[in-house]
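Taking it in order: structure first as structure tokens, then the write-up.
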Amino acid sequence: MLVSNYHPEEEEMNTKRASYGLNEEEQEMLDVVREFAEQHVAPRAAEIDQTAQFPRDVLEHMAELDILALPFPPAYGGIGASDLLVVMAIEELARQCASTSLILAAQTLAGTPLVLFGNEQQKQSYLPRLAKGEWLAAYALTEPEAGSDAGSMRTSAVRKGECYVLNGSKHFITNGGLAQVTVVFARTDPQAGTRGMSAFLVEKDSPGFSVGKVEHKMGIRGSQTTELVFTDCEVPAQSLLGREGEGFKIAMATLDRTRPCVAAQALGIAQGAFDYAVEYVKTRTQFGKPIAEQQGIQFMVAEMATELEAARLLVYRAAMLIDSSRTEPELRFSKESAMAKMYASEVAVRVVDRALQLLGGYGYMTEYPLERMYRDVRITPIYEGTNQIQRLVIAREALR
């Protein structure tokens, strides 16, 4: 089995990163992530997929290297990395293993509402444990009847004295059953539409909170995806995140900031597939010469490389805009975030498909990583907002 050793020159890569705005310290951190991914994640990727088990050993190693601390503020034990560095780190992890990249992406997704809307007590209670990797977090928005239409959610939260009582269910929740704290969106005012949604921090041992069906998935099999069930689940009133009625705003503000993470995951999977296919076509001989010398193959490689670079520019630009919004709050980036997620995920599906085609019959065999990448990448146009929803977001902003 071919093992890819294709890597751009380190000096060239550092120059590219610097041009995107990474400082020297961030470049060094990204080197740590890349080395970890190549030396420790890549050898485990096939096994993680085959066993469909969450890789706790990988999680612990990521925590030791402070990879999980990247998205969290230094005041709460994090590194306070730029969004650009976070998406680059996810990209590097995804080049080797999509399931592993989702550990950082999911922690970022669920941690972002706390960073943006949590009060000081909530931040002190949860963020240090998330940054250290002691706790995993989950983000529970999707329901059986409320996927793209989040406003139709049925999970309810009723205030009773010093508690809220939650009833309902969520599904397709990443880290479900593993997370020690979950950001749960529920309806506190049934008559108010999206303005009647609120967000809550629900701990794993809350009475009335249980895990339902564990999903068996086509790809990202090392990431646990489950149903969550709330049956008269009582949570303290101080578990409310933000104010009542702010749930939809919290959900959308979070997704605007984290969709580039999905885009980066897609980009990383596709880059890994591209790298592998390039090495393969340079060594595979047919008709008396490497197939890389065939013009038809060269055209495929050229198109793949171009689309990847175009997607990368969109992803990095979206991340840089989000970074700029920290000091320029008036900056809007919903459109750029949606563009990055939509385009990068669709490019990734095409690139991985073509990479598998370049390997011919070997690409279809489980002995080679392309079939795993093919299964993994297919989720990226679906989760954190389908690409049809991204088109609506883009059109709305363009027509504003």
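Brief remarks on what is shown
- Residue count for segment 211-239, restricted to those that are open to solvent by less than 50 Å² (accessible area, probe 1.4 Å), in contact with a Cys (Cβ under 9 Å, 6 or more places away or on another chain) and either modelled with pLDDT under 95 or in a strand (DSSP E or B) (or both): 1.
- Condition met for residue 343 (part of a helix (DSSP H, G or I) and either open to solvent by 60 Å² or more (accessible area, probe 1.4 Å) or at positive phi (or both)): yes
- For residue 191, the test of being open to solvent by 40 Å² or more (accessible area, probe 1.4 Å) and touching a Leu at 6+ places or on another chain (Cβ under 8 Å) is failed.
- Contact map, segment 241-254: residues that are free of Cβ contacts under 8 Å to residues at least 40 places away in the same chain and surrounded by fewer than 20 Cβ atoms within 10 Å (Cβ to Cβ) paired with residues that are assigned to a loop (DSSP other than H, G, I, E, B) and of a type in the set (Gly, Ala, Ser), Cβ distance under 8 Å, separation 6+ or inter-chain. Pairs shown: 249/242.
- Hits in segment 203-262 - residues which are at positive phi and among the aliphatic types (A, V, I, L, M): 220
- Strands (runs of 3 or more DSSP E) lying entirely in segment 102-202 (those with 2 or more residues that are in contact with a helix residue (DSSP H, G or I) (Cβ under 8 Å, 6 or more places away or on another chain)): 137-140, 163-174, 181-187
Here's the yes/no breakdown for (1) among the aliphatic types (A, V, I, L, M); (2) modelled with pLDDT under 95; (3) in contact with a Phe, Trp or Tyr (Cβ under 7 Å, 6 or more places away or on another chain); (4) open to solvent by 30 Å² or more (accessible area, probe 1.4 Å):
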{"position": "116", "(1), (2), (3), (4)": "yes, no, no, yes"}
{"position": "123", "(1), (2), (3), (4)": "no, no, yes, yes"}
{"position": "131", "(1), (2), (3), (4)": "yes, no, yes, no"}
{"position": "149", "(1), (2), (3), (4)": "no, yes, no, yes"}
{"position": "156", "(1), (2), (3), (4)": "no, no, no, yes"}
{"position": "159", "(1), (2), (3), (4)": "no, no, no, yes"}
{"position": "167", "(1), (2), (3), (4)": "no, no, yes, yes"}
{"position": "175", "(1), (2), (3), (4)": "no, no, no, no"}
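The values are calculated or read from the model by the stated rules, or taken from the named source; none is laboratory data. Keep in mind the model is a prediction, meaning the values are calculated, not measured. When we count neighbours, we look across all protein chains shown, and the Cβ atoms used for this are built from the backbone with ideal geometry, even at glycine. Note: accessible area is taken over every heavy atom of the protein model, side chains too, but ligands, DNA and RNA are not part of it. Shrake-Rupley method; radii C 1.70, N 1.55, O 1.52, S 1.80 Å.
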